[in-house]
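The values are calculated or read from the model by the stated rules, or taken from the named source; none is laboratory data. Note that this is a predicted model, so its numbers are computed, not measured. Methodologically, a virtual Cβ is constructed for each residue, glycine included, from the backbone with ideal geometry; neighbour enumeration extends over all protein chains shown.
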């Protein structure tokens, strides 16, 4: 089984525009994204940076476009995200409401730059666990931001602020000959674009640490085996901004293995290459091979993949 994660950065400036661009064809970025997916040809592909819509029209259109030259993904999965889910409160503390950063997760419209899964194999929807609505304050040992004036940006904001900037999903997939492969997936906020209160840094930390608590059984009974933690952590263990203890905790977790410890996954302007995307199988998987596909015309992020067997 080849499994991959890829932050496509396909999000557009408004709802429906990604669907429009996929359908009309000839978009250089979309073509480059499709070429990378075709090159890697994973059996299961977790996407970030793809706009959500209620009927998954953009996701279906992308899967059809991929299948013109590459693999067929008859099974497609997405859930409503926190990205662009507006609140009536000032969530970033700038004294204004109704802006992209006043949504539960950053987004200029609902569903902007969200998550999705494409799979050759059936998604076991009855077994899905969705923690997207979990409040940040309900996470054990939550690192909620405070200033000398109290909770930041306000107590009212912290009473409604969700933990996930996009979502935290547990998604089982039925894989022939291998049994159930359970995806633990998320896309955390970047630990930047804030002030001295370090709101985004602390939220990024806690979005990552969610999985440490989950695997400890603090949310539900975690799978005993056959799982893979993957997605966008937006945190390098050694370089760049952020509270690195969170990702180091996950990378050293006794139930996980790290098959690509020295692999960078993203290149941003004026910054050395960083490792911000992760694919960490549980220790009972046998890692057969690893790799990545990259093209700056597609995304600043690489598509990273791992071949797994029992």
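Among the residues of segment 34-52, those that are in contact with a helix residue (DSSP H, G or I) (Cβ under 7 Å, 6 or more places away or on another chain) and either surrounded by fewer than 24 Cβ atoms within 10 Å (Cβ to Cβ) or free of Cβ contacts under 8 Å to residues at least 60 places away in the same chain (or both) comprise 34, 38. Consider residue 273 carefully, then state whether it is farther than 30 Å from residue 124 by Cβ, out of contact with any helix residue (DSSP H, G or I) (no Cβ under 6 Å at 6 or more places or on another chain) and at pLDDT 95 or above. Answer is yes for this residue. Residue 282 falls short on exactly one of the conditions (1) under 17 Å from the mean Cα position of the chain (by Cα); (2) more than 27 Å from residue 33 (Cβ to Cβ); (3) surrounded by 22 or more Cβ atoms within 10 Å (Cβ to Cβ), and that condition is (1). Considering only residues in segment 259-277 that are crowded, with 20+ Cβ neighbours inside 10 Å and in contact with a strand residue (DSSP E or B) (Cβ under 6 Å, 6 or more places away or on another chain), the one that is farthest from residue 43 (Cα to Cα) turns out to be 274. Checked against (1) buried (at least 21 other Cβ atoms within 10 Å of the Cβ); (2) within 27 Å of residue 226 (Cβ to Cβ), residue 76 passes all but condition (1). When segment 15-24 is filtered for residues that are touching a residue at least 40 places away in the same chain (Cβ under 8 Å) and either farther than 18 Å from residue 80 by Cβ or touching a strand residue (DSSP E or B) at 6+ places or on another chain (Cβ under 6 Å) (or both), only 22 remains.
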